[in-house]
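Scroll down for the structure; my scribbles are underneath it.
The values are calculated or read from the model by the stated rules, or taken from the named source; none is laboratory data. No experiment lies behind these values; they were computed from the predicted model shown. Using ideal geometry, Cβ is built from the backbone for each residue, glycine included, and neighbour counts are taken over all protein chains shown. Accessible surface is based on the protein model in full, side chains and every heavy atom, while ligands, DNA and RNA are left aside. Shrake-Rupley method; radii C 1.70, N 1.55, O 1.52, S 1.80 Å.
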Amino acid sequence: MTALTFTLKTKLQSKLNCSELTPDKLANLSIAQIKTLTLSSNKNAPKVKDFFDVSGDDASHIVFKNISQQCDYIGHHMKNGQITVEGNAGDFLGANMRGGQIICQGDVGDRLGDMMRRGLILIDGDAGAYCGSRMIAGTIGVYGKVGAYMGFALRRGTFLLTQTPATQATWLDCGTHTLPFLSLMFNSFKSLDSKFAKLSNTRVQRWMGDASQNGTGEILIVHR
Amino acid sequence: MNLNGVQIDDTFAEAFNMRGTRVIITAQNLKWAYHAASAMTGFATSVIGCGVEAGIERELSADETPDNRPGVSILMFAMGSKVLMQQLETRMGQCILTCPTAAAFNGVDSKMPEVEQISLGKHLRYFGDGYQTSKLIAGKRYWRIPVMDGEFLTEETTGMVRAIGGGNFLVLAASQPQALAACEAAIEAMKKVPNVIMPFPGGVVRSGSKVGSKYPKLFASSNDAFCPTLKGIVKTALSDDIESVMEIVIDGMTFEDIARSMKVGIEAACSLGSKGGIKRISAGNYGGKLGPHHFKLHEILK
C-alpha cells in the first residue's frame, strides 16, 4: 500500500478549497471516483482531476505535493489518518479537526487549527496569524515562527514551539518546568518525517491561556 | 515422589477465579518507584481482610517503561471486578498520586483474551480541579494533573483480565529456621517468573487456615492439622520429625504461570534437601469442591 498522493499540476491563480480530501472522506473510494469528486459543494465547483494528479491506494495516509499557500482547508474536519504536506499550505489547515495527524514540511497560512478539537498538527516551517484560534483541544507544533494573535479565544490544547511568540496580555507565563508527558509525546514523534522527531528535551517554558476565555490551554516553548 | 530426599505429597493446591490487573509505576529513580509500589501493594496479603492481593512483579529498566524512567510492575487481584476497580482507584489516589515523581501506566497488553479497560487515572483527574489536561498520544489517553512537585502523569485506564488466585504449596521442615530458609530460596526463584506474585509478607505465610471455627462468628481459623504444637491432641497431618510448616501462596495471570512458579519454587525449596531439614512438600486444598483450578504437585513437577 502506498500513500494516496495528490500532486498539484497547475499554478493556482486563486484559492482552492481542499476540505474534501481527508482520509475519512476518501476511505473506500477508487482513484477514478476520487478524480471525479468536486472540491466543494458549489454548482460549478472544480473536480479533483482539474487540479491534481492522483496516485497511490492508502487513503489513511494522504500526501499533498507541489502545492502552494493557495490551498486552503487541508484536513478540514478530518477524524483519523494522516495528511502529509510536502511544501507550503494555505489558511485553515486542520480547521475543525477531530482526530488524526497533519504534518506540514513547509510554512502555513493563517488560522492554523481553527476550532480544532482533537488530533496533532506539526508544522516544520512558520505559521501565520491566529494560529490555533478558538481551539478546543489537541496539539499544534510549530518549529518556525508564529504570527500575531496566536491562540486567540482558545479553550484548551497544547502549542509546542521552539521560538518564543509575541507576548499577549491573555497568555500568562507559568515558569520553566520539566514535564514528564513530553517524553511520551517525543517518543511518538520519532517515527514521523518531521523536524519534531529530533526533539528530546522535556524542559519547557509554560504559558497558559487564553485568559479572556478562562482557557486552560498551554504554550510550551521547547529548548532545542 | 521424592525430590532430593524431600517427600512430595500426592495432593493438589486448590485455586480460585479472580480478576487481575497490572500497573506500571515509574519514578525519578528506582528508590521512589519502590516507595510508590510498596505503598500501593501494602496491606494486600489476602482478599479476606484486605480486599485485594497485590505485589511487585518485577523491576523495569528505563528502556522498558513508557516514559523512559526506571520503574516496577505491580499485579493486583480481587475476587470480583467491582472490588478490584474500587481498590485500584483508592490505592492510586492514596499511594501513587501522593508519591513524589511517580507516574502510572497500563501494564496489560490489549491483545490478551477478555481484556476490559478499567479506570486508572480516569476519575483521579478531578483532583486537578479543572486544571487537569488530557493528552492522546499514540492512541492512548493520558491525564496530566498539576501537583505540588510538578505534574502527576497517569494513563486513563488499565486492562483487567480473568486471573487465578490461591495457588500454593507447603514446606514442612524439621525446624522453623530451616522452613524459612527453604521458603526464602523458593521466593528468590519464583520472583524471576513473570505474571505471578506471592502476596504475603516476604512471599511466605505461616497462618494457613481451615474453613470454619468453633466460634460461630469466625468463618476461618488456624489449620490445626498442620500446627506442630498441636500434634498430639488433634488429627494431625504432621509426622514426629516436623516442627514447622510454612506456605507460599501464588496469584497469577494464567494457570500455566502459577504452575511454572510452583515448579521452580518447590525445586528451589527442595534444593536444601532432607539434610537441610526439609522433609515434605504438600499443598492446601478444600477437598477440590470450592476452587475450579487444581494444581497437582506430581504433575507440575514432571
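Assorted remarks:
- For region A:173-186, the set of residues classified as open to solvent by less than 30 Å² (accessible area, probe 1.4 Å), of a type in the set (A, V, I, L, M, F, W, C) and touching a residue at least 12 places away in the same chain (Cβ under 8 Å) consists of A:179, A:182, A:185, A:186, listed by residue number.
- So residue B:174, is it touching a residue at least 60 places away in the same chain (Cβ under 8 Å), touching a helix residue (DSSP H, G or I) at 6+ places or on another chain (Cβ under 7 Å) and among the aliphatic types (A, V, I, L, M): no
- Among residues of region B:48-83, those that are away from chain A (no Cβ under 14 Å), closer than 20 Å to residue B:108 by Cβ and open to solvent by 30 Å² or more (accessible area, probe 1.4 Å), counted: 8
- Meets criteria (open to solvent by 30 Å² or more (accessible area, probe 1.4 Å), part of a loop (DSSP other than H, G, I, E, B) and either of a type in the set (Val, Ile, Thr) or within 20 Å of residue B:129 (Cα to Cα) (or both)) for residue A:170: yes
- With respect to the conditions (1) hydrophobic (A, V, I, L, M, F, W, C); (2) in a helix (DSSP H, G or I); (3) surrounded by fewer than 18 Cβ atoms within 10 Å (Cβ to Cβ), residue B:290 lacks only one, and its number is (2).
- Among residues of region A:187-206, those that are assigned to a loop (DSSP other than H, G, I, E, B), crowded, with 18+ Cβ neighbours inside 10 Å and either aromatic (Phe, Trp, Tyr) or away from every other protein chain (no Cβ under 13 Å) (or both), counted: 2
- Filter result for residue B:90 (open to solvent by 10 Å² or more (accessible area, probe 1.4 Å), modelled with pLDDT of 95 or more and over 17 Å from residue B:24 (Cβ atoms)): yes
- Of all residues making up region B:248-287, the number that are open to solvent by less than 30 Å² (accessible area, probe 1.4 Å) and assigned to a strand (DSSP E or B): 8
- Filter result (free of Cβ contacts under 8 Å to residues at least 40 places away in the same chain and in a helix (DSSP H, G or I)) within region B:178-227: B:184, B:202, B:224, B:225
- Scoring residue B:103 on the criteria (1) more than 14 Å from chain A (Cβ to nearest Cβ); (2) at pLDDT 95 or above leaves a single failure, condition (1).
- Taking region A:50-107 as the range and being over 21 Å from residue A:2 (Cα atoms) and basic (Lys, Arg) as the test, only A:98 passes.
- Restricting attention to region A:147-167, the residues that are more than 14 Å from every other protein chain (Cβ to nearest Cβ), on the phi < 0 side of the Ramachandran plot and either of a type in the set (S, T, N, Q) or open to solvent by 30 Å² or more (accessible area, probe 1.4 Å) (or both) add up to 7.
- For region A:173-186, taking the residues that are in a helix (DSSP H, G or I) and of a type in the set (A, V, I, L, M), the one that is farthest from the other protein chains (Cβ to nearest Cβ) is identified as A:182.
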